[in-house]
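The values are calculated or read from the model by the stated rules, or taken from the named source; none is laboratory data. The structure presented is a predicted model; accordingly, all values stated were derived computationally and were not measured. Cβ atoms come from the backbone with ideal geometry, glycine included; neighbour counts cover every protein chain shown.
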Amino acid sequence: LPEPFRMYAIVMRFWWEQEAELASKYTLCLSLYEGQHQNVLRRILTCSLVKLFAFHRKWWDEFGEDIEWDAGYRECGNSVDVSVWTALVWKIFSDMDARTPGVRPFSMEIKEWPEKDVCWPEKYLGCRNFAHDRLEVLERVRNSRAELSDIVQTLVRAVRYPSGFR
């Protein structure tokens, strides 16, 4: 979609649910705060714009919850410095926020990230097991992205115009 915010504004004015779901998905790769989008965002009805902001926030929060877990070895009871994991999580968020519409979400196998290179080989001091299971991390990220459609449908259907609006 070349102009997701403009499409969202149009379809929400006429309350076309399927089109609103599609437009909502494509808005996730754009920042609601960039100046270049302000004119289009001003044209969106207030109740629809509030729902779009809520949708963006909910999606980021749910994605964050899905990947914020202890991906480490749970049997030895040792701990590791969480700053390495936190740096990788923030890099994931940054990469997702910067991608362009229609582009496949990041693939950590092919990215040259210093955060990834520090996180994967990290081991617990006591037992020397890896602190972060690379495959588990990738699977969680992919599953979180796959759940996007369910979140979109729930949020778009939750938008209701005030009575007497139409």
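Some values worked out for this structure:
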quantity: The one condition in (1) farther than 26 Å from residue 29 by Cα; (2) modelled with pLDDT of 70 or more; (3) in contact with an Asp or Glu (Cβ under 7 Å, 6 or more places away or on another chain) that residue 81 fails to fulfil; calculated: (3)
quantity: Residue list for segment 6-54, filter: closer than 24 Å to residue 95 by Cα and free of Cβ contacts under 8 Å to residues at least 12 places away in the same chain; calculated: 33, 34, 35, 36, 38
quantity: Which listed residue is among the small types (Gly, Ala, Ser), closer than 26 Å to residue 25 by Cβ and at pLDDT 75 or above, from 64, 102; calculated: 64
quantity: Complete set of residues in segment 107-132 that are under 17 Å from residue 82 (Cβ atoms) and at pLDDT below 75; calculated: 125, 126
